Amino acid sequence: MRALLPTARNASVYTVVIGLAIVWIVFQLLNDNYLSARNLSNLLLQIAVLGTLAIGMVMVLVLGEIDLSVGAIAGVSAATLAILITQQGAPAWVAILAALAVGAAIGLLHGTIITAFGIPSFILTLAGLLVWQGVQLAAVGDGGQIPIRDEFVRAIASTYVTPAFGWVLAALVVLGAAAVRVVTRRRRIRNGLDVPPVSNEVVAVAATAVFVGVVTWVLNSYFGIPWVFVLVLALMLGCTVLLGGTSFGRHMYAIGGNREAARRAGIRVKRTTIIVFVLISAIAALAGIIEASRQFSASNALGGGTLQLNAIAAAVIGGTSLFGGRGRIYHALLGALVVGSVQNGLDLLGQPAAIKNIATGVILVIAVVVDALGRRRRIARGATD
Amino acid sequence: MPAVTPETGGRAFEPGLRPTLELSRVTKRYGQVAALTDVDFSVSAGEVVALVGDNGAGKSTLVKAIAGTHRIDGGEIRVDGHPVSIGSPKDATALGIETVYQDLALCDNLDVTANLFLGRERRRAKSALLDSEGMESQAKAIIADLAAHLPTLDKPVSALSGGQRQAIAVSRAALWGSRVVLLDEPTAALGVAQTAMVYDLVRKLRDRGLAVVVISHNMADVFAVADRIVVLRLGRNAGEFDPLTARPDQVVAAITGSDAIGGAA
Ligand SMILES: Nc1ncnc2c1ncn2[C@@H]1O[C@H](COP(=O)(O)OP(=O)(O)OP(=O)(O)O)[C@@H](O)[C@H]1O
Ligand SMILES: [Mg+2]
């Protein structure tokens with residue numbers, strides 16, 4: 001909405017984008033196949049789950065909380081899905097809704113306990129991690145995994161939009177972006193506010209069109225846009241509107257920025273906190289469904305390992321603050337792209353998991369240091385957050 | 001300044017009726033500390049009451065009790081004569097009571113407009129979406145009204161000076177207050193010109209028919225703006241003065257307890 005020029009506020013975004021560009025160039029120099037349509041398409045499939053979890057993580061971080069149990073919630077959700085489909089013979093849509101509902105219920109429980117007793121979310125969700133991993137192990141049972149044969153569920157993470165329809169989607173995205181600018185501009189003029197020159201708006205829309213066009217063209221030159229990527233983008237869009245365009249989102253930022261000020265302004269802090277935990281858990285459940293679709297099964301390892309730490313890393317690397325009150329939904333995608341690009345590149349070079357973990361950890365430390373330095377600068381200027 | 005006593009009112013607003021806000025025998029404890037003991041306090045429509053006292057006298061506690069951030073442990077609060085229970089800031093704002101807190105209650109990560117409308121965001125017609133443009137334009141008008149010098153309205157308030165932040169807090173109270181406005185040391189961080197502006201605004205609010213309570217340590221300001229001066233000492237009433245007849249040293253004596261003057265409670 002603001003000018004295109006880098007300002008203090010979005011400077012960090014440029015840092016991340018430049019970092020991503022460097023990662024891509026380095027890996028491309030090391031391996032010719034890195035920037036191939038095939039590998040980029042794979043990259044998008046690989047970061048779908050991470051990106052989904054990171055979207056939820058951005059929301060709790062903005063609120064000034066954290067959730068360490070999202071991986072385990074994804075695991076429980078996937079197990080629910082597989083049990084209902086494979087063992088109970090339920091239709092796919094029933095199983096999917098049930099898996100999402102289980103996630104939402106877990107979030108309701110977390111949020112209620114956190115707000116009722118004033119427990120740090122860090123501790124409660126750490127306990128939740130243990131509990132839900134236990135539930136996942138018990139639910140999946142001795143076999144270690146439950147296969148999923150349902151065609152629809154399997155299709156979620158392994159089918160592509162036809163190239164023609166891909167172009168239609170791309171056109172819709174560009175038209176939507178243009179429409180938002182036009183509407184915002186009209187509303188600003190009607191309210192007597194200053195507006196950027198028309199040329200800026202045209203350039204911004206043109207840049208969006210070129211970017212979307214290139215992405216679509218690259219993906220169409222392989223199998224097309226993965227459906228799961230469309231799903232993640234739709235989720236991003238919904239959450240972006242929620243955070244940036246509604247009073248609920250505004251209240252989330254207020255609580256993350258200054259809890260007491262939010263309370264004094266009459267914001268229902270507890271209710272908002274509970275709802276956000278319901279949302280992040282439902283989103284984690286969605287991530288579990290996507291991962292089950294990728295693996296064609298629900299295993300007892302699904303959602304485990306470094307996945308949820310990577311989700312926090314992705315949110316923070318993308319530019320969301322660990323200290324609350326600062327973050328945007330697109331940070332999730334940006335951060336997931338950085339983490340995914342590094343891991344994918346190291347995979348291509350045949351590096352072991354050890355190196356991938358170390359690399360992700362180092363990037364996370366860099367991102368957190370940048371975050372902390374920014375916070376220190378703000379405090380030095382007299383801010384009290 | 002018209003020469004009237006607060007008891008007879010004298011402004012254009014229902015003089016002689018019962019006070020807009022009335023506290024009787026209010027008590028508040030923080031654990032072992034008795035911050036307020038049997039405090040009586042009242043303020044009427046179209047009246048500015050200055051609440052004075054030494055550090056720790058209980059002024060902020062009294063304000064927070066009225067504003068709903070702290071519950072009182074005993075006593076009664078009446079608004080327009082009706083007993084009310086103020087259990088949360090929402091209860092207070094619903095009664096038309098607005099507060100500028102001594103420890104400013106702004107969200108540093110939000111911009112000026114967002115802070116002005118915090119908790120009361122405007123929505124677009126028939127939708128859940130924020131009316132950002134409408135709020136920004138209204139915020140512009142309010143800030144211009146206060147003649148506060150703010151660089152931009154769309155920067156996080158963490159980028160503003162202490163005085164600018166205070167101006168925002170005062171504007172917010174002025175924007176939403178419909179019955180009572182409480183200002184806890186609103187000019188503590190302000191320069192000479194901005195202080196004069198805030199007291200100008202206080203008079204405007206009074207002339208609009210609001211009941212205004214101002215806390216300040218500056219006797220000159222207190223005498224310049226108040227219609228009545230209420231002194232608290234160690235959490236108890238320690239006297240009430242009419243600025244037209246009382247002398248500053250009498251008020252100071254009541255504040256410090258160094259004289260037998262006062263004790264009108
Ligand atoms: N949150 C709290 N917890 C415990 N004690 C408190 C708290 N807030 C205030 N007090 C105590 O209550 C008493 C009254 O404090 P209050 O803040 O109301 O004083 P004040 O008159 O506003 O002083 P100042 O002029 O310094 O602002 C003091 O003794 C203080 O130590
Ligand atoms: Mg005080």
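The values are calculated or read from the model by the stated rules, or taken from the named source; none is laboratory data. Note that this is a predicted model, so its numbers are computed, not measured. Cβ atoms come from the backbone with ideal geometry, glycine included; neighbour counts cover every protein chain shown.
Scanning segment B:42-87 for residues that are away from ligand 2 (no atom under 16 Å from the Cβ), part of a loop (DSSP other than H, G, I, E, B) and either modelled with pLDDT of 95 or more or buried (at least 17 other Cβ atoms within 10 Å of the Cβ) (or both) returns B:Ser44, B:Ala45, B:Gly46, B:Glu47, B:Gly68, B:Ile72, B:Ile86.
Of all residues in segment A:232-274, those satisfying the criterion of being within 20 Å of A:Gly111 (Cα to Cα) and of a type in the set (D, E, K, R) are A:Arg250, A:Arg259, A:Glu260, A:Arg263, A:Arg268, A:Lys270, A:Arg271.
Look at segment B:53-67: where a residue is more than 14 Å from chain A (Cβ to nearest Cβ) and a partner is among the charged types (D, E, K, R) and near ligand 1 (Cβ under 6 Å from one of its atoms), sitting 6+ places away or on another chain with Cβ atoms under 6 Å, you get B:Gly53/B:Lys59.
Table: residues versus (1) within 13 Å of the chain's Cα centre (by Cα); (2) outside any helix (DSSP H, G or I).
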{"residue": "A:Phe277", "(1), (2)": "no, no"}
{"residue": "A:Ala287", "(1), (2)": "yes, no"}
{"residue": "A:Gly303", "(1), (2)": "no, yes"}
{"residue": "A:Gln308", "(1), (2)": "yes, no"}
{"residue": "A:Ile312", "(1), (2)": "yes, no"}
{"residue": "A:Thr320", "(1), (2)": "yes, yes"}
{"residue": "A:Leu334", "(1), (2)": "yes, no"}
{"residue": "A:Val339", "(1), (2)": "yes, no"}
{"residue": "A:Ala354", "(1), (2)": "no, no"}
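Beta carbons closer than 8 Å, at least 6 apart along the sequence or on distinct chains, pair a first residue in segment B:103-132 that is facing another protein chain (nearest Cβ under 7 Å) and more than 17 Å from B:Gln164 (Cα to Cα) with a second that is assigned to a loop (DSSP other than H, G, I, E, B) and of a type in the set (Lys, Arg) for B:Leu130/B:Arg122; B:Leu130/B:Arg124. Checked against (1) loosely packed, with under 14 Cβ neighbours inside 10 Å; (2) in contact with a helix residue (DSSP H, G or I) (Cβ under 8 Å, 6 or more places away or on another chain), A:Asp142 meets all criteria but (2). Criterion applied to B:Val43, B:Val48, B:Val39 was being within 25 Å of B:Ala254 (Cβ to Cβ), touching a strand residue (DSSP E or B) at 6+ places or on another chain (Cβ under 8 Å) and within 12 Å of ligand 1 (Cβ to nearest atom), and the one residue passing it is B:Val39.
Evaluation of A:Arg154 against the conditions (1) under 27 Å from A:Gln46 (Cβ atoms); (2) within 14 Å of another protein chain (Cβ to nearest Cβ); (3) of a type outside the set (A, V, I, L, M) shows that the sole unmet condition is (2). Considering every residue within segment A:219-229, establish whether at least one is among the small types (Gly, Ala, Ser) and more than 21 Å from B:Cys107 (Cβ to Cβ). Scanning segment A:219-229, I find at least one residue that is among the small types (Gly, Ala, Ser) and more than 21 Å from B:Cys107 (Cβ to Cβ), so the answer is yes.
Given (1) within 14 Å of chain B (Cβ to nearest Cβ); (2) part of a helix (DSSP H, G or I); (3) not acidic (Asp, Glu), identify the lone condition not met by A:Met236. The failed condition is (1). Reported count of residues in segment A:212-233, each being among the polar types (S, T, N, Q) and in a helix (DSSP H, G or I), is 2. Tallying residues that are away from every other protein chain (no Cβ under 14 Å) and over 24 Å from A:Trp167 (Cα atoms) within segment A:177-224 yields 4.
Out of the residues in segment A:290-301 that are of a type outside the set (A, V, I, L, M) and assigned to a helix (DSSP H, G or I), which is farthest from the chain's Cα centre (by Cα)? Once the filter is applied, the top-ranked residue is A:Gln295.
Screening A:Ile96 on (1) within 21 Å of A:Ile83 (Cα to Cα); (2) in contact with a His (Cβ under 8 Å, 6 or more places away or on another chain) shows it passes everything except condition (2).
Among the residues of segment B:89-99, some residue qualifies, meaning at least one is within 16 Å of ligand 2 (Cβ to nearest atom) and within 12 Å of the chain's Cα centre (by Cα).
Note on segment B:97-128: residues that are touching a strand residue (DSSP E or B) at 6+ places or on another chain (Cβ under 7 Å), away from ligand 1 (no atom under 16 Å from the Cβ) and closer than 26 Å to B:Ala189 by Cα amount to 6. Inclusion of B:Pro83 among residues that are of a type outside the set (Phe, Trp, Tyr) and within 14 Å of chain A (Cβ to nearest Cβ) is not warranted.
Applying the selection to segment B:17-36, what residues are part of a strand (DSSP E or B) and away from ligand 1 (no atom under 16 Å from the Cβ)? Within segment B:17-36, B:Leu21, B:Glu22, B:Ser24, B:Arg25 meet the criteria.
None of A:Arg326, A:Arg294, A:Arg271 is surrounded by fewer than 24 Cβ atoms within 10 Å (Cβ to Cβ), within 27 Å of B:Met135 (Cα to Cα) and out of contact with any Cys (no Cβ under 8 Å at 6 or more places or on another chain) except A:Arg271.
Filtering A:Ala171, A:Ala209, A:Ala177, A:Ala155 for residues that are surrounded by fewer than 18 Cβ atoms within 10 Å (Cβ to Cβ), in contact with a Phe, Trp or Tyr (Cβ under 8 Å, 6 or more places away or on another chain) and assigned to a helix (DSSP H, G or I) leaves a single hit, A:Ala155. The number of residues in segment A:251-273 that are within 19 Å of the chain's Cα centre (by Cα) and either within 12 Å of another protein chain (Cβ to nearest Cβ) or without any contact (Cβ under 8 Å) to a residue 40 or more places away in the chain (or both) comes to 3.
Within segment B:174-189, being within 16 Å of ligand 2 (Cβ to nearest atom) and either away from chain A (no Cβ under 14 Å) or modelled with pLDDT of 85 or more (or both) holds for B:Leu182, B:Leu183, B:Asp184, B:Glu185, B:Pro186, B:Thr187, B:Ala188.
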